[in-house]
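Down below is the structure, laid out as structure tokens.
The values are calculated or read from the model by the stated rules, or taken from the named source; none is laboratory data. In this text the structure is predicted, and so the values were computed from the model without any measurement. Cβ: placed from backbone, ideal geometry, glycine included. Neighbour counts: every protein chain shown. Heads up: the accessible areas ignore ligands, DNA and RNA and are worked out on the full protein's heavy atoms, side chains in. Shrake-Rupley method; radii C 1.70, N 1.55, O 1.52, S 1.80 Å.
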Amino acid sequence: MNTHQQLMRDTIVSNYSGKNRYDLIIIGAGLSGLACGLLWQKNTSGMKTLIIEKNSYPGGYSTAYEKGGYVFETTQLFPDITDILDYLEIDLPLKRYENNFMRRLVVHGDTVDEYKIPAGSEHFTAYLTETFPGDAEKIRALMQYSVDLFAQVRKLKANATLMDNLGTLLRAPKVIANLNRTYSELLDKFGITDTRLREVMETFTSFSGVPSDRASAILATGAMLSSMTRCFRPLGFFDEYPAKLARKYQSLEGEILFNSEVERIETNNGVVTGIKLRNNPDSIRAEKIITTIDPMRAMHDLVGDENLPPEYVKKLKGTIMSPSSINVALGLDDGIDMTKLDLDYPYNVVSTGLGTAENLFDEFLSGDHGFSGDCFHVAVICPSLTTGAKNTVTIRSTPWALNGWKELRETDYEKYRNKKEQWADFLIGIAEKYFIPDLTKHIVVKDIATPATYARYSGSPTGSIYDIASLVTQFGPKRIPMKTPVHNLYQPKFAHGLYGTMMGAVQVIDLILHRRFNGGNSLFVPKK
Ligand SMILES: Cc1cc2nc3c(=O)[nH]c(=O)nc-3n(C[C@H](O)[C@H](O)[C@H](O)COP(=O)(O)OP(=O)(O)OC[C@H]3O[C@@H](n4cnc5c(N)ncnc54)[C@H](O)[C@@H]3O)c2cc1C
């Protein structure tokens, strides 16, 4: 089987016409950039639009690749984006996880607690009250509050005006009440003190790679409810999603230029004027620019601190980007029957007990990592159970700091390879112990991504995999705004994940179009 032929990402090619002036330039052809381009083309006419991408295909972090005859994917699931896909006329066959949302193991020394978390908030509430009957009332109260809070989030306006903020006081009081609350504090508010119950609930902050005592309660609640209520992945490989966005965008006369790295965002007196590509002396002029790359790279390096107000530079410098990851992708022989292993969940997660996320995150902040046999948080995913291709398993661990990985790769590749093999063995050992007996015996192909891989691939100076960290201290009005201090330069990068990227695109295009497309709403509102 020539699996390479199956990758749709490679069917999308540059259609740059060579113009030197555009109405809109978008930097990056990840899902943010593609969604921005497509929404813009759909809601304007006759515009000259160019997406510039340094890689040779679209998708950014959301992609698939082939190695040794196996197809591996980076991303694994997303909450409900069907409305926006319908609006964009993207026909992406999806698998919906109807029954189970997560298989969760928590290790306490020699004992392992297992939870099979069902999909849907009502099922989840029922499951929790059955599992923790002594806390049934508290659980019901917390879940009802979470559902109400999430409903109020849907009423928020993006890029809010003073009037919007006044309206929020009336329409979304729970959002206001939780703006500065961490997810731990939300659990405290409902008197959730049982250690094991907290371990289950705090699973949801780990989606964003931050611990519950720092994660925004609103974001964690949103991540929990939006993913568990309606959770999807493509039926085919993940690269189909960006490939279809790219094809549709090109069909609406949008242009893409691949293999081209933007080296400079040019400004004049605080107004954006164009970009300059690496190894190309000529500028391409643009009326407006949207950057969808790591904000530290875009603003500090491409715009340059000297072209930004000092208070903005200070805010940027104080912003914590999300952690990086070590990811092990395995191709397995067909001597193993994956369907018999109870692994067909969006997530299979194993970690050590309460305090693990805090410890790992503190180590990450100090520039190191806290992984050991007594402290770990690892997800195991089996994409081939959906795609039907040859057996694949992905083992993912976060948080890791970039610290040292990049230098080691550049200065002593042999040592770098040994180090990554060593951590891959550690992660494979965990997957084998808790989920896939005899895993090691079945490995045919192994591909290991380290923080250096993520930094190189995405251009993020910290190898961050979820944009700006979703800490309560840099959430909502405290985040870096989408409208940058450079006139006509926009940056829809504030929320992690595929759902966040689509909503970021909705918000920024709506902002540029003076709310003509989505009425200023923070989430997509389908037209009736
Ligand atoms: C291993 C992994 C697993 C994940 N799993 C999930 C998941 O299951 N569900 C989920 O919701 N989210 C997941 N995420 C997060 C999700 O993939 C990202 O939030 C999302 O894809 C970000 O899209 P983006 O377009 O904003 O950024 P990116 O995907 O980073 O796209 C930015 C693009 O810009 C390009 N670029 C960078 N610098 C330049 C430059 N100077 N010039 C030109 N081009 C440039 C890059 O090559 C890239 O293509 C995962 C991320 C990783 C890394």
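What whole-number value in Å² describes the accessible area per residue of the range 121-229 for a 1.4 Å probe? Mind showing how you got there, number by number?
Details: 4640 Å² over 109 residues.
Per-residue accessible area for the range 121-229 comes out at 43 Å².
What size of dipole, in debye to the nearest 20, comes out for the range 121-229 about its Cα centre when the only charges are +1 on Lys and Arg C-beta atoms and -1 on Asp and Glu C-beta atoms? Don't jump to the answer; show the numbers that get you there.
Details: 12 positive and 12 negative charges, 95 e Å.
Using only the charged Cβ atoms, the result is roughly 460 debye.
Using the Cα centre of the chain as the reference point, and only Cβ charges (+1 on K/R, -1 on D/E), how large is the resulting charge dipole? Debye, rounded to the nearest 20.
Dipole about the Cα centre, nearest 20: 1720 debye.
Give, rounded to the nearest 20 debye, the magnitude of the charge dipole that the range 229-314 has about its Cα centre when Lys and Arg contribute +1 at Cβ and Asp and Glu contribute -1 at Cβ.
On the way: 12 positive and 14 negative charges, 94 e Å.
For the range 229-314, the charge dipole is close to 460 debye.
Would you compute, for the Cα atoms of the range 289-403, the largest minus smallest coordinate along each principal axis and list the three values in descending order, in whole Å?
On the principal axes, the range 289-403 reaches 60, 37, 20 Å in Cα extent.
Of Ala136, Thr182, Asn159, which is farthest towards the positive pole of the range 121-229's charge dipole, taken about the Cα centre with +1 and -1 on the beta-carbons of Lys, Arg and Asp, Glu respectively?
Sorting the options by dipole projection puts first Asn159.
Sort Ser522, Ser45 by accessible area with a 1.4 Å probe, largest first. Write down the numbers at each step before the final one.
Values: Ser522 15, Ser45 100 Å².
Largest accessible area first, the list is Ser45, Ser522.
I'd like the accessible area for Tyr413: 1.4 Å probe, protein heavy atoms, all chains in place, Å² to the nearest 10.
Around 100 Å² of this residue is reachable by solvent.
Over the range 406-510, what number does the Rg to Rh ratio reach, with both radii from the alpha-carbon atoms and Rh per Kirkwood? Spell out each step's value before the answer.
Working: Rg = 19.2 Å, Rh = 17.1 Å.
A ratio of 1.12.
Can you compute the label reach from Tyr16? Point 7 Å from Cα along the Cβ direction, backbone N cut-off under 11 Å, restricted to the range 231-257.
256-257
Listed highest first by mean packing, meaning other Cβ atoms within 10 Å per residue, what order do 299-305, 438-444 come in? Provide the component values of the computation, followed by the final result.
Values: 299-305: 19.1, 438-444: 14.4.
Result, highest mean Cβ count within 10 Å first: 299-305, 438-444.
For the chain, I need the span (max minus min coordinate) of the C-alpha atoms along each principal axis, in Å, sorted largest to smallest.
Taking max minus min along each principal axis of the Cα atoms, the chain gives 64, 57, 44 Å.
Under 19 Å from a point placed 7 Å out from the Cα of Ala160 along the Cα-to-Cβ direction: which residues of the range 186-225 have their backbone N that close?
Zone members listed by number: 216-223.
Rule-of-thumb check for the range 121-229: C-alpha Rg over 2.2 N^0.38 Å? Walk me through the numbers on the way to the answer.
Details: Rg = 14.2 Å, N = 109, 2.2 N^0.38 = 13.1 Å.
Relative to the rule-of-thumb radius for its length, the range 121-229 sits at 1.09.
Give me Rg/Rg_expected for the range 93-181, where Rg uses Cα atoms only and Rg_expected = 2.2 N^0.38 Å with N residues. Provide the component values of the computation, followed by the final result.
Numbers: Rg = 17.8 Å, N = 89, 2.2 N^0.38 = 12.1 Å.
Cα Rg divided by the expected 2.2 N^0.38 Å: 1.47.
Counting only C-alpha contacts under 8 Å and six or more residues apart, can you give the relative contact order of the range 121-229 as a whole percent? Before the final figure, lay out each step's value.
Values: 102 pairs, mean separation 31.1, N = 109.
This gives 28 percent for the range 121-229.
Kindly work out what percent of the DSSP beta bridges joining two residues of the chain are antiparallel, to the nearest 5.
Roughly 70 percent of the beta bridges in the chain run antiparallel, per DSSP.
Can you compute the modelled spin-label distance between Glu89 and Asp374, with each label point 7 Å from Cα toward Cβ, in nm?
Here the answer is 6.1 nm between the modelled labels.
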